[in-house]
1. Does GLY53 satisfy being more than 22 Å from SER3 (Cβ to Cβ), in a loop (DSSP other than H, G, I, E, B) and at pLDDT 95 or above?
2. Which residues, taken from the stretch 84-106, are over 27 Å from GLY56 (Cβ atoms) and either out of contact with any helix residue (DSSP H, G or I) (no Cβ under 8 Å at 6 or more places or on another chain) or free of Cβ contacts under 8 Å to residues at least 40 places away in the same chain (or both)?
3. Spot the failing condition for SER109; the list is (1) without any contact (Cβ under 8 Å) to a residue 40 or more places away in the chain; (2) buried (at least 18 other Cβ atoms within 10 Å of the Cβ); (3) hydroxyl-bearing (Ser, Thr, Tyr), and only one is missed.
4. Out of ALA128, ALA95, I need the residue that is over 28 Å from HIS23 (Cα atoms) and either in contact with a Cys (Cβ under 7 Å, 6 or more places away or on another chain) or among the small types (Gly, Ala, Ser) (or both). Which one?
5. Scan the stretch 94-112 for residues that are of a type in the set (Asp, Glu) and part of a strand (DSSP E or B) and jot them down.
Amino acid sequence: MASDPVFRRSRVIGDAEIDELGHVNNVVWVQLVMQLAGAHSRAVGLDFAAYRGLGGIYVVRRHELDYLQPAFPHDEILEETWIAEMRGARTLRRARFTRKSDGARLLESTSHWAFVDFVTQRPRRLPAQVLARFRVWEEPTP
């Protein structure tokens with residue numbers, strides 16, 4: 001299990017992520033949320049092969065995204081994600097994206113994930129091996 005429950009990494013916004021309005025496209029934000037979740041999972045030792053070996057995989061049930069500020073080409077972004085809850089077959093994951101140059105909060109998200117059987121695609125309880133890898137943490141409210 002990771003000692004810090006918050007997984008962090010940085011990225012620079014590329015030109016391909018920008019839409020006609022000159023900022024990061026809404027669909028791209030969903031992709032960034034998904035990529036960040038995958039990176040966190042791999043960082044704790046749960047890649048696709050590990051999940052397959054456990055006989056289950058996470059699928060998204062719902063994304064909630066709050067667009068707070070636009071991100072522009074070449075902005076350096078701090079990406080953060082953590083697990084807020086794990087119960088039964090469900091996991092609640094939060095993420096936030098902050099521009100490094102001015103500390104502006106750009107996007108906050110909550111994603112509802114279900115752990116499903118790899119073959120049947122039916123929900124199943126989170127295995128102990130998955131529960132042991134993530135540290136549940138709820139960000140304190142300001």
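1. On the way: more than 22 Å from SER3 (Cβ to Cβ): yes; in a loop (DSSP other than H, G, I, E, B): no; at pLDDT 95 or above: yes.
Criteria not met by GLY53.
2. Once the filter is applied, which keeps residues that are over 27 Å from GLY56 (Cβ atoms) and either out of contact with any helix residue (DSSP H, G or I) (no Cβ under 8 Å at 6 or more places or on another chain) or free of Cβ contacts under 8 Å to residues at least 40 places away in the same chain (or both), the stretch 84-106 yields ARG96, THR98, ARG99, LYS100, SER101, ASP102, GLY103, ALA104, ARG105, LEU106.
3. Of (1) without any contact (Cβ under 8 Å) to a residue 40 or more places away in the chain; (2) buried (at least 18 other Cβ atoms within 10 Å of the Cβ); (3) hydroxyl-bearing (Ser, Thr, Tyr), only one is false for SER109: (1).
4. Numbers: ALA95 fails: over 28 Å from HIS23 (Cα atoms).
Being over 28 Å from HIS23 (Cα atoms) and either in contact with a Cys (Cβ under 7 Å, 6 or more places away or on another chain) or among the small types (Gly, Ala, Ser) (or both) holds for just one of ALA128, ALA95, which is ALA128.
5. Keep residues of the stretch 94-112 that are of a type in the set (Asp, Glu), which gives 102, 108.
Within the stretch 94-112, GLU108 is the sole residue that qualifies.
The values are calculated or read from the model by the stated rules, or taken from the named source; none is laboratory data. All of these numbers come straight from a predicted model, not from anything done at the bench. Virtual Cβ from ideal backbone geometry, glycine too; neighbours counted across all protein chains shown.
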